[in-house]
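The values are calculated or read from the model by the stated rules, or taken from the named source; none is laboratory data. Note that the structure is predicted; figures quoted are calculated from it, not measured. Here the Cβ is made from the backbone with ideal geometry for all residues, glycine too, and neighbour counts use every protein chain on show. For accessibility, only protein heavy atoms count, side chains too; no ligands or nucleic acids. Shrake-Rupley method; radii C 1.70, N 1.55, O 1.52, S 1.80 Å.
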Amino acid sequence: MGAALSGLTEGSNGSGVGPGLGDIPESCVACVFLYLTPPEICNLARLNRAFRGAASSDAVWEAKLPANYQDLLHLVPPERYRNLPKKDIFALLSRPVPVDDGNKEVWLDRVTGRVCMSIPARAMAITGIEDRRYWNWLPTEESRFHEVAYLQQIWWFEVDGAVKFPFPADIYTISFRLHLGKYSKRLGRRVCCFEHTHGWDIKPVKFELSTSDGQQASSECCLDETAHDEINGNHKRGCWIDYKVGEFIVSHTDPATEVRFSMKQIDCTHSKGGLCVDAVYIVPSDLRQRKRRVLK
């Protein structure tokens with residue numbers, strides 16, 4: 001059976017058993033590759049010379065890039081992409097590209113080639129962030145930005161941010177990545193402390209977004225659920241969760257879309273604390289379902 005498969009792969013020139021995959025013209029293979037994902041194309045490139053050639057075709061990889069990929073290239077030093085084939089440009093943009101002096105990151109999803117963005121807590125306006133009685137910055141390996149904002153205790157909780165970017169036409173979801181409790185490593189093990197965690201089960205946190213073309217969305221959610229403790233344990237504590245703010249639609253890349261987003265709990269009848277704020281993510285809505293831990 002192995003010999004038969006080898007013959008099918010190499011074709012008549014290599015085995016004498018009749019036409020095989022190796023006899024398919026490279027142009028035909030390239031047409032098929034237009035319907036496959038980048039990981040699938042890279043896997044098939046190992047089959048034979050025709051597949052390798054088609055997998056390097058600029059026409060194939062340009063179809064995988066977003067229509068405005070040149071806007072993304074302008075964020076990269078020219079010497080990094082000058083004279084690169086489209087396959088290498090796709091690989092370059094699939095890695096995080098710093099935006100706004102490193103305050104944000106944008107990249108292409110490696111399966112679909114669609115644009116994603118992340119905005120760290122450091123780039124947002126956080127009420128009381130300069131007062132160490134309320135907030136601290138914690139170094140961590142669990143954030144792509146290597147630090148998170150940790151809230152010890154505050155009465156007026158508000159986090160605001162904004163971004164203006166030429167997003168390609170798509171439907172996008174904005175979410176905050178949050179963690180109840182303070183975590184650290186002790187003897188190589190991850191340990192969570194909930195000493196400061198309180199107040200998130202009394203009133204919900206309100207999430208809001210608005211866009212420059214008039215779109216608006218909002219949602220509310222209690223970040224803590226102590227009612228679950230006795231039966232199943234509190235599933236919101238001690239893990240990173242993406243809290244959905246809402247969705248917005250981009251119909252045209254030009255002009256660039258400006259998006260404002262916020263989360264707040266400004267009921268000053270009680271304090272709240274023990275919360276880590278990592279970042280805001282903006283991703284195409286259907287890609288968001290691939291994330292492991294998402295809360296609507």
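Give, as residue ranges, the helices (runs of 4 or more DSSP H) completely inside the stretch 26-85 that count at least 2 residues that are surrounded by 14 or more Cβ atoms within 10 Å (Cβ to Cβ). Don't jump to the end; show me each part of the working.
Details: elements: 26-33, 38-44, 49-55, 58-64, 69-73, 78-81.
Passing ranges, in order: 26-33, 38-44, 49-55, 58-64, 69-73.
Could you tell me whether Thr253 is β-branched (Val, Ile, Thr), part of a loop (DSSP other than H, G, I, E, B) and within 18 Å of Val106 (Cβ to Cβ)?
In short, yes.
Looking at this structure, is Phe194 open to solvent by less than 20 Å² (accessible area, probe 1.4 Å) and in contact (Cβ under 8 Å) with a residue 40 or more places away in the chain?
no
What are the pairs with Cβ atoms under 9 angstrom where one residue, in the stretch 199-212, is closer than 9 Å to Asp224 by Cα and the other, located anywhere, is basic (Lys, Arg) and open to solvent by less than 40 Å² (accessible area, probe 1.4 Å)? Sequence gap at least six, or different chains.
Gly199/Lys272; Trp200/Lys236; Trp200/Lys272; Ile202/Lys272
Say whether the condition of being polar (S, T, N, Q), without any contact (Cβ under 8 Å) to a residue 60 or more places away in the chain and open to solvent by 50 Å² or more (accessible area, probe 1.4 Å) is met by at least one residue in the stretch 153-172.
no
Here is a list of conditions, (1) more than 30 Å from His74 (Cβ to Cβ); (2) modelled with pLDDT of 95 or more; (3) β-branched (Val, Ile, Thr); (4) surrounded by fewer than 21 Cβ atoms within 10 Å (Cβ to Cβ), and Thr211 meets all of them except one; can you say which number that is?
Result: Thr211 passes all but (1).
Take Ser94 and decide whether it is farther than 25 Å from Ser212 by Cβ, of a type in the set (S, T, N, Q) and open to solvent by less than 50 Å² (accessible area, probe 1.4 Å).
For Ser94, the condition - farther than 25 Å from Ser212 by Cβ, of a type in the set (S, T, N, Q) and open to solvent by less than 50 Å² (accessible area, probe 1.4 Å) - is met.
Within the stretch 234-263, track down each residue that is basic (Lys, Arg) and either open to solvent by less than 50 Å² (accessible area, probe 1.4 Å) or at pLDDT below 90 (or both).
Scanning the stretch 234-263 gives Lys236, Arg237.
Going by the structure shown, is Lys185 in a strand (DSSP E or B) and either closer than 27 Å to Ser251 by Cβ or at pLDDT 95 or above (or both)?
Spelling it out, it is not the case that Lys185 is in a strand (DSSP E or B) and either closer than 27 Å to Ser251 by Cβ or at pLDDT 95 or above (or both).
Only residues that are surrounded by fewer than 16 Cβ atoms within 10 Å (Cβ to Cβ) and farther than 15 Å from Leu275 by Cα: list them for the stretch 123-136, please.
Answer for the stretch 123-136, where residues must be surrounded by fewer than 16 Cβ atoms within 10 Å (Cβ to Cβ) and farther than 15 Å from Leu275 by Cα: Ala125, Glu130, Asp131.
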